[in-house]
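The structure appears below as structure tokens.
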Amino acid sequence: MEKTYDLLIFIGRFQPFHSGHQRVVQLALQQAKHVLILVGSSFKARDIKNPFTFGERQNMILESLEPQDIAHITIRPLRDYLYNDNKWMAEVQKHVDINSKFNDKIGVIGHDKDDSSWYLKAFPQWDFIEVGHSYDASIDATTIRNMWLSGQSPNFTSGVLRDSVHSFIYNKFIKREYERLVREYDTITKGKQQWKGTPYEVQFMTVDAVVVQSGHVLLVRRRAAPGEGLWAIPGGYLNANETFENGMLRELREETKIKVPEPVLRGCIKASHVFDAPNRSLRGRIVTRAYLIELPPGELPKVKGSDDAAKAKWIPLADFEKMEEEMFEDHHHIVSYFLGRV
Ligand code: NAD
């Protein structure tokens with residue numbers, strides 16, 4: 001049968017890959033010679049919204065498809081650029097260039113489910129193929145994750161996930177990571193309960209410090225959920241009675257005990273920027289103002305983890321670049337933003 005498209009692109013997080021996603025792939029294969037599956041939000045630390053790595057999701061997809069279909073599928077990881085949609089679109093375009101020829105008929109396939117699906121129509125050079133929601137309204141990755149993390153019966157998800165995917169999640173997933181994610185799920189759920197019923201959605205302000213010196217950046221290791229064990233930039237919630245700058249210096253000194261007098265830190269502030277991606281934190285709507293503090297070259301000042309930080313450490317920038325999958329929330333993006341200016 002003649003196919004309408006040479007290539008259809010299917011973008012998603014697939015956390016986890018379920019029968020709704022599987023149906024979209026089948027529809028894509030009916031219409032296209034080849035399907036490019038781009039696995040979004042790859043190369044980031046596990047959290048309760050993105051618990052599975054690219055490799056784990058790639059396996060889920062391969063194990064959910066029929067062997068004869070796999071020859072017509074390419075699966076690639078796709079990194080998020082939280083503060084640069086153009087860069088993200090360029091990444092998608094690069095993947096498509098590698099997997100297509102000049103004059104190919106190309107389309108993007110998916111379901112425009114809500115505001116977060118805007119990206120489906122962000123590529124005017126390609127057709128958009130709307131597939132509609134799957135017949136079973138219970139097919140929803142958020143519900144599947146919440147049931148898994150709240151320890152509810154696995155029976156619910158058995159028809160929605162392929163047996164191998166179901167078994168991976170419930171029987172083979174790393175126990176230590178599952179327990180960490182359950183603690184994160186509980187902390188976030190309880191935190192949100194506290195603000196339930198307020199007349200307006202509660203929004204929070206935080207402050208963060210990106211301190212650099214002699215090719216190193218100062219990071220802390222988080223003591224507790226959310227993001228327990230992950231690396232972060234020093235920072236925290238703004239107190240009601242302080243300015244952003246004072247709050248940032250307070251948090252920096254509390255968490256790292258940095259041996260630099262406060263007037264010196266204040267004098268070395270080189271820039272500040274507001275980071276406000278609406279989904280940057282799973283705790284709720286949190287807008288942060290981060291500061292770049294560039295200390296003069298020389299011996300690295302002594303630091304010691306304290307308060308919310310189990311550890312504080314000067315990290316060589318070359319190592320930092322490789323730490324994307326160990327960093328909390330959008331902190332890798334925040335440091336990268338400032339490093340472009342250092
Ligand atoms: P998802 O896994 O929730 O959904 C993937 C696709 O499947 C979507 O088209 C969705 O509508 C469809 N789908 C889900 N359930 C379905 C069902 N039951 N029936 C039919 N269709 C169903 O993934 P997502 O969150 O939409 O993925 C988008 C990715 O793109 C994310 O990783 C996001 O971070 C990334 N993104 C990044 C940027 C940036 O970094 N600047 C910008 C836009 C998008």
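Readers should treat all values here as calculations from the given coordinates under stated rules, not as data from a laboratory. In this text the structure is predicted, and so the values were computed from the model without any measurement. Positions of Cβ are generated from backbone atoms using ideal geometry, with glycine treated the same way; all protein chains shown enter the neighbour counts.
Report Rg(Cα)/(2.2 N^0.38 Å) for the chain, keeping two decimals.
Working: Rg = 22.3 Å, N = 342, 2.2 N^0.38 = 20.2 Å.
So the chain has a normalised radius of gyration of 1.10.
For the stretch 150-189, backbone nitrogen atoms closer than 15 Å to the point 7 Å from ALA277 Cα along Cα-to-C-beta are found at no residue.
Compared with the dominant Cα axis of the chain, that is its longest principal axis, helix 85-98 is turned about 40°. Helix 19-31 versus the longest principal axis of the chain: what angle, 0 to 90°, nearest 10, using Cα atoms? For 19-31 against the chain, the angle is about 50 degrees. Exposure proxy for MET60, MET323, MET89, MET1: other Cβ atoms within 10 Å of each Cβ, ordered fewest to most, give MET1, MET89, MET323, MET60.
Given R0 = 41 Å, the distance between the Cβ atoms of SER214 and ASN239 translates into a calculated FRET efficiency of 0.85.
Taking 19 Å as the cut-off, the amide N atoms of the stretch 222-252 that come nearer than this to a point 7 Å along the Cα-to-beta-carbon line of VAL182 belong to 224-229. Only the Cβ atoms of Lys and Arg (+1) and of Asp and Glu (-1) were treated as charged; on that basis the dipole of the stretch 245-342 about its Cα centre amounts to roughly 320 debye. Dividing the summed helix terms, -39500 (n - 2.57) for each DSSP H run of n ≥ 4, by the number of residues in the chain produces a 222 nm estimate of -9000 deg cm²/dmol to the nearest 500. Taking 20 Å as the cut-off for C-alpha to C-alpha distance, list the pairs among LYS257/LYS322; LYS175/LYS322; LYS33/LYS121; LYS49/LYS175; LYS3/LYS105; LYS49/LYS190 that go past it. Where the Cα-Cα span goes over 20 Å, the pairs concerned are LYS257/LYS322; LYS175/LYS322; LYS33/LYS121. By the beta-carbon count within 10 Å of each Cβ, the least crowded to most crowded order of TYR119, TYR337, fewest first, is TYR119, TYR337. Subtracting the Cα-Cα distance of LEU339 and GLN193 from 0.36 nm times their residue separation leaves 48.8 nm of extension gain.
Here the Karplus relation 6.51 cos²θ - 1.76 cosθ + 1.60, evaluated at θ = phi - 60°, turns the backbone of the stretch 139-154 into coupling constants of 7, 8, 5, 4, 4, 4, 5, 5, 5, 5, 7, 9, x, 7, 3, x Hz, with x for every Gly and Pro.
Take the chain, mark every one of the GluC sites (Glu not before Pro) that falls in a DSSP loop and has at most 15 other Cβ within 10 Å, then report the longest stretch left between them, sites excluded.
Details: sites that count: GLU2, GLU201, GLU242, GLU299, GLU321.
Longest run free of exposed loop sites: 3-200.
On the basis of the beta-carbon distance and an R0 of 41 Å, ILE269 and ASP112 show a calculated FRET efficiency of 0.40.
3J(HN,Hα) along the stretch 190-197, derived from phi through the Karplus expression 6.51 cos²θ - 1.76 cosθ + 1.60 where θ = phi - 60°, amounts to 5, x, 5, 4, 4, 9, 5, x Hz, with x in place of Gly and Pro. Backbone amide hydrogens, once placed in the peptide plane, bring PHE128 within less than 5 Å of VAL108, excluding anything fewer than 5 places away on its chain.
Each residue, ASP69 and ILE98, gets one label point 7 Å from its Cα in the Cβ direction; the gap between the two is 2.3 nm.
Derived scalar couplings between HN and Hα for the stretch 107-121 equal x, 10, 10, x, 10, 7, 7, 7, 4, 5, 8, 3, 4, 4, 9 Hz in order, rounded to whole Hz, by the Karplus curve 6.51 cos²θ - 1.76 cosθ + 1.60 (θ = phi - 60°), x for Gly and Pro.
Close amide H partners of ARG46, meaning residues 5 or more places away or on another chain with modelled amide H under 5 Å apart, do not exist here. The charge dipole of the chain, taken about the Cα centre with unit charges on the Cβ atoms of Lys, Arg (+1) and Asp, Glu (-1), comes to about 780 debye, rounded to the nearest 20.
Where Rh is the Kirkwood radius over the Cα pairs of the stretch 1-89, the temperature 4 °C and the viscosity 1.567 mPa s, what D in µm²/s does Stokes-Einstein return? Answer, rounded: 94 µm²/s.
To the nearest ten degrees, helix 244-256 and the longest principal axis of the Cα atoms of the chain are 90 degrees apart.
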